[in-house]
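Structure record follows, encoded as structure tokens.
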Amino acid sequence: MREVQIDSAQQAQAEEKRVGVYICHCGGNISDHVDVEALCARAGQAPGVAVARTHMFMCSDPGQEMIIKDLQEGKVNRVVVASCAPSLHESTFRGTLQRAGFNPYLYEHANIREQVSWVHHGRPATEKATALVAAAAAKAARLEPLEPIRMDVIRHATVIGAGVAGLQAALDLASRGIPVALIEKSPFLGGHVAKLDNIAPSNEKASELLTRLTRQVLDQPAITVHTCTRVVGFAGCVGNFTLRIKVDGEQGQDEGKKLHSMPTKTPRRGVFLPQYGVVTGSCPENPAEDSIETGAVILATGFKPYQPMFGEYGYGRHPQVVTLPEAIQALAGENGSHPVWHWHGRPIRNLAIIHCVGSRQIPGVHEAAEGAALNEYCSRTCCSASLGFANQVRENYPVTRVFEFYRDIRTYGRGQEELYQRASKNRVLFFRFEAQEPPRIESNGTGSESPLQITVKDTLTFGEEVQVAADLVVLAVGMKPNGIDDLVEMMKLPVGSDGFLLEVHPKLRPVELPNSGLLLAGTCQAPMDIGEATNAASAAAVKASGLLARGFVELDPFVAEVNLEQCTGTGACVVACPRDGALQLAEVAVNGKPFKKAQVSPAFCLGCGACVAVCPTNAINIKGWTLKQYEAMVDAIVADLAA
Amino acid sequence: MAVTPEFFEQLERFGVAKTFECFNCGTCAAICPLVYEHFPRKLIRYAQLGALDRILENPKELWRCLHCGLCTQTCPREANPGELILGLRRFVVDRWRRSQHV
């Protein structure tokens with residue numbers, strides 16, 4: 001039981017609040033529409049305001065120096081800046097207070113640019129700015145110093161998914177001395193890269209690349225590899241997560257069944273099996289559950305290739321229409337003993353490759369699979385993969401002619417334009433079609449040499465319709481996000497309209513999720529090639545290790561706080577609280593007598609205020625946003641300083 | 001129009017080698033002083049496709065070429081369009097000789 005002493009007298013010892021109001025011209029952005037000087041004069045009249053000043057750019061060094069000077073000279077001890085949106089400069093001005101030796105939370109921001117001068121003009125603009133500044137000043141006079149919530153973190157990270165991104169992230173974390181749990185649902189390491197053969201543009205063998213990477217992972221004592229394992233439970237917050245994991249055994253997993261179909265029942269650990277990946281050992285016979293305490297989680301759940309619908313470019317209707325992954329697999333299986341590439345017993349003399357299958361889909365032109373959204377994005381890797389495949393065929397089987405049908409073609413990145421150059425030298429023939437008029441694939445009829453005929457309105461031939469005979473049609477399918485609905489639900493992950501996981505900011509915080517402590521690596525976020533996925537993985541590992549190396553996290557102090565004197569223990573707040581673990585009733589001894597009182601776990605509290613709204617005695621408040629502060633703001637607005 | 005890529009291998013005998021490096025940008029047609037119906041770009045494309053019929057439909061077009069060399073000089077892919085026109089002329093003459101005309 002917690003012991004607390006309540007002394008009503010301590011609330012009385014309040015220092016005198018002197019508010020400084022600092023109004024920014026924003027170089028005319030604000031002052032062209034708001035009468036800044038009139039606003040300043042009115043603000044000076046507001047109750048509790050000791051100083052009101054203006055500046056052309058308050059965020060500039062001289063602007064901030066002006067505030068620091070007033071603070072240090074004792075003229076003010078609470079600050080309001082009226083300027084742009086708080087997302088731009090709230091933290092700037094909190095820093096100003098800190099540099100002056102003040103608590104950064106003795107600060108209130110009034111947005112008179114986005115919410116005033118950019119949307120209102122003339123007198124109404126100045127009036128609205130006056131109301132906002134008056135409200136901010138009223139709140140500022142009731143601000144108390146706050147301290148950020150400091151929490152120790154568990155120095156351990158978890159990576160979900162053991163494709164190249166997951167492997168790289170685990171390796172980078174471990175090399176910084178952070179213990180890592182690497183969780184993979186299949187019995188193999190390597191993900192989709194294991195299904196590749198030659199990797200464009202360097203022509204490196206996927207098997208060599210994976211063997212090299214997994215050797216390091218398996219030799220790294222700080223990494224614990226959990227194969228045949230799924231995450232089935234998730235709780236906690238940044239620095240202190242608990243993951244429940246389930247080892248499924250072989251029968252529960254499709255992938256596990258593959259191990260049974262292996263030529264050798266118990267392949268050696270670290271051996272690469274083409275199409276499957278690197279073996280880590282066999283799955284346990286019986287399902288088992290375990291839990292992992294971890295400080296940060298990197299999601300590296302990857303992608304799945306787009307599965308063409310029945311009849312899309314003849315897929316499913318003609319057995320000679322296959323996807324690029326299927327074709328790569330078939331070609332890799334050739335032993336090269338025959339001068340012509342044979343597929344299902346017949347020679348491939350004419351090979352067609354169609355680009356953008358399942359990518360760059362256009363509403364009204366393309367049809368989505370049932371219940372699925374259109375894939376409007378470019379999958380980015382298929383152009384290079386197709387050209388790499390075409391070159392491989394032309395160079396190993398010169399009698400096979402290759403035809404490529406594209407909407408647009410782009411092999412971005414270093415060494416990749418050369419793939420196109422090489423394809424031209426290899427006499428690959430290109431056709432270009434419009435999305436509205438895709439190539440048609442039909443049977444060539446019996447007796448003809450090639451089983452299929454492709455008809456396309458070719459814009460490179462000035463819109464003429466041309467026919468190409470084909471023995472095999474390869475569809476360069478794009479990437480779809482892997483099915484991780486369970487994780488999305490469990491971890492409350494944000495998902496973009498394209499189905500991929502959504503980062504905080506595409507440019508400035510590209511590997512972070514808004515859920516603090518969760519990071520993104522690789523193709524669960526967007527289509528990427530191997531280099532880009534590895535890049536993202538290393539970035540995520542750095543972000544995670546930065547978080548964990550510090551040993552603690554600081555969270556915003558805007559969380560619920562209980563006034564134990566007023567709390568009568570009704571429990572209404574506990575019922576209203578949407579976050580598990582944030583609020584509970586606890587036995588508390590007040591001045592020696594036991595009572596049931598609400599108790600906040602600050603690390604879990606979202607600061608939403610649902611509890612504040614339901615408390616019958618107003619005993620619970622959000623720090624920095626108390627009801628008293630709100631009331632003061634409303635009073636200030638109603639008092640109408642502009643009148 | 002059916003694509004017959006074998007045709008291009010015939011053209012090689014007439015000194016045409018680099019036509020497949022063309023990526024159909026049209027610089028040759030823009031620089032050509034004849035300014036005539038995508039000449040020589042169209043013929044390059046027909047040669048890539050092996051559209052023999054299209055080339056023979058109007059072989060006289062080949063003799064409009066002044067062989068000034070501007071297309072070859074400006075081609076960003078060094079696909080040598082001028083050489084293709086000469087090669088096609090040789091091909092057409094050879095075909096004509098093999099027919100009953102001589």
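Where does the charge balance sit around A:C605 when Lys and Arg score +1, Asp and Glu -1, over other residues with C-beta under 14 Å from its C-beta? Its environment carries a net charge of -1. Hey, if you drop one equal point scatterer on each alpha-carbon of region B:26-82 and run the Debye formula without solvent, what base-10 log of I(q)/I(0) do you get at q = 0.23 Å⁻¹? Results for region B:26-82 at q = 0.23 Å⁻¹ read -0.91.
About the Cα centre, and with charges only on the beta carbon of Lys, Arg (+1) and Asp, Glu (-1), how big is the dipole of region A:17-147? Nearest 20 debye, please.
Here region A:17-147 has a charge dipole of around 320 debye.
Taking amide H atoms as placed 1.01 Å from N in the peptide plane, the amide H of A:D35 lies under 5 Å from those of A:T126, each 5 or more residues away in sequence or on another chain. Between the listed residues A:G28, A:I620, A:S282, the Cα displaced farthest toward the positive end of the dipole of chain A, a dipole computed from Cβ unit charges relative to the Cα centre, is found at A:S282. Residue-normalised convex hull volume from the C-alpha trace of region A:17-147: 84 Å³ per residue. So for region A:459-613, what percent of the C-alpha to C-alpha distances run longer than 19 Å? Roughly 70 percent, rounded to a whole number. Beta-bridge orientation, chain A: approximately 50 percent antiparallel, per DSSP, counting only bridges with both partners inside. Amide H contacts of A:G236: A:T242, each under 5 Å away and 5 or more positions distant or on a separate chain (H built 1.01 Å from N in the peptide plane; Pro and chain starts excluded). Longest stretch of chain A clear of exposed loop sites (trypsin sites (Lys or Arg not before Pro), DSSP loop, at most 10 other Cβ atoms within 10 Å, sites excluded): A:1-264.
The string of couplings for region A:595-605 from the Karplus curve (6.51, -1.76, 1.60, θ = phi - 60°) is 9, 8, 9, 5, 9, 9, 9, x, 5, 8, 5 Hz, one whole number per residue in order, with x for Gly and Pro.
Over region B:1-97, the ratio between the Cα radius of gyration and 2.2 N^0.38 Å evaluates to 0.97. What you get for region A:559-622, charging only the Cβ of Lys and Arg (+1) and of Asp and Glu (-1), is a dipole of about 100 debye around the Cα centre.
Comparing A:V365, A:H318, A:T461 along the charge dipole axis of region A:306-479, the residue lying farthest to the positive side is A:T461, per the Cβ-charge model. Per-residue HN-Hα couplings for region B:80-85, Karplus 6.51 cos²θ - 1.76 cosθ + 1.60 at θ = phi - 60°, whole Hz, x for Gly and Pro? Here the 3J(HN,Hα) series is 6, x, x, 5, 5, 4 Hz.
Each residue in A:F234, A:F310, A:F552 was given a count of other beta-carbon atoms within 10 angstrom of its own, and listing them fewest first yields A:F310, A:F552, A:F234.
Simple rule: put +1 on each Lys or Arg Cβ and -1 on each Asp or Glu Cβ in chain B, find the dipole, and look at B:G50, B:H67, B:N80; the Cα lying farthest toward the positive end is B:H67. Convex hull volume per residue, computed on the Cα atoms of region A:419-495, equals 183 Å³. Note on chain A: percent of Cα-Cα distances in each 10 Å bin, starting at 0 and stopping at the bin with the largest distance, equals 3, 13, 18, 18, 16, 13, 10, 6, 2, 0, 0.
For region A:393-459, state which GluC sites (Glu not before Pro) are in a DSSP loop and have at most 10 other beta carbons lying within 10 Å of their beta carbon. Passing both the DSSP loop test and the Cβ count: A:E449. For A:V590, the residues 5 or more places off, or on other chains, whose built amide H falls under 5 Å of its own are A:F595. Taking the Cα centre of chain A as origin and assigning +1 to Lys and Arg Cβ atoms and -1 to Asp and Glu Cβ atoms, the resulting dipole is close to 820 debye. Applying the Karplus relation 6.51 cos²θ - 1.76 cosθ + 1.60 with θ = phi - 60° to region A:612-618 yields 3J(HN,Hα) values of 4, 5, 9, 5, x, 10, 6 Hz, where x marks Gly and Pro.
Every number here is computed from the coordinates shown, using simple stated rules; none is lab data. If you're wondering where the values come from, they're calculated on a predicted model, not measured in any experiment. Neighbour counts are summed over all protein chains in view; Cβ atoms, including those assigned to glycine, are modelled from backbone coordinates with ideal geometry.
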